[in-house]
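Every number here is computed from the coordinates shown, using simple stated rules; none is lab data. Source: prediction; values computed, not measured. Counting neighbours? That spans all protein chains shown, and the Cβs are built from the backbone with ideal geometry, glycine included.
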Amino acid sequence: VGPTGVTVRGLLGYLAGIVLGTLSITLLFLGMRAVMDVGGACADGGPYVSAQPCPTGVPAAMVGGMFGLFASAGLLVWFGSRLDGAATWVVALGWPALFLALGFNFLDYAFHPPDGEATPVWGWLVPGIVFWLMGGAPLVVGLAAWREVRAGRSGNRLSQSVATSPIAFARRAGRPAPGPSPAMAPDPAATPIERVEFTRHAWSAPQPLARTELAGAAAATDDLVADLTRLADLHAAGDLTDAEFVAAKRELLDAAEADR
Amino acid sequence: MIDDRWRRSLVLLTLAAAALGVVLGDRLFAALS
């Protein structure tokens, strides 16, 4: 089925992970409501007489739900990664799904308590808000990031790779990119020294401001020496003609003079 | 590379499986309690 490399077994494994995931969350959701119906806490077993035994089936549902969630995550990552890289991310939806679902229970009971308490019941309202923040915040951030990536996808493959890479974020933040990017490709007509300079600048990481403030002069001198040495090497290797070498050297020295 | 049609089918299958999980979970809880 589907594109190359996708097997029926892989697809079924992934879908089983989805079924098990929502099944587990449903069990936890219903188990939680059953416990809240009897006041919010219950206990079974042990040497003590329980003041509030658990509703029938709740322990099994809660324990089964928790282990089911882990098993579901395992299935989704294992089989989802073979189906489609994006499918693996479905597992990340488990977190907001769980916290929004359980948070809904808290909020529901805060405003509709089973024993007719005065509303809102703060003991339910506060955890409800906390759960919704815990589930909602990653969801909102995740969706924003997903839209960003999708926006990049609509273009060609080049913009796709850029949109998903740290380069894109660095450039958007107005800082120099940490490596060469398509927009900075060297001009084919550039002289060898220009190409060397492109490579040097394109790969240089953004420098902290303190460096220029504290050791500006010394660093500038070091840079100049390094540039002149590189130039001389290129000249000696025959990559630069005498005229090019003299012109490039003049340019470097003039630039250094202007910086001073 | 996975094409858009296949991906759409996968999303629909995922949603169907999620709904099935909720129904099964509901039934299972009813059976347990």
- Query: How would you rank A:R250, A:R82, going from fewest to most other Cβ atoms within 10 Å of each one's own Cβ?
  - Reply: A:R250, A:R82
- Taking the simple approach of a point 7 Å from Cα along Cα-to-Cβ for both A:L143 and A:D233, what is their distance in nm? 5.3
- Here segment A:128-145 yields Karplus 3J(HN,Hα) values (6.51, -1.76, 1.60; θ = phi - 60°; whole Hz; Gly and Pro given as x) of x, 5, 4, 5, 5, 5, 5, x, x, 4, x, 5, 5, 5, x, 5, 4, 5
- Message: Spelling out what I want: for every residue of segment A:224-235, take phi, set θ = phi - 60°, compute 6.51 cos²θ - 1.76 cosθ + 1.60 (Karplus), and round to whole Hz; glycine and proline get x.
- Response: 4, 4, 4, 5, 5, 5, 4, 4, 4, 4, 4, 5
- Item | Calculated FRET efficiency for the pair B:R8/A:W95, C-beta based, R₀ 35 Å, to 0.05 | 0.90
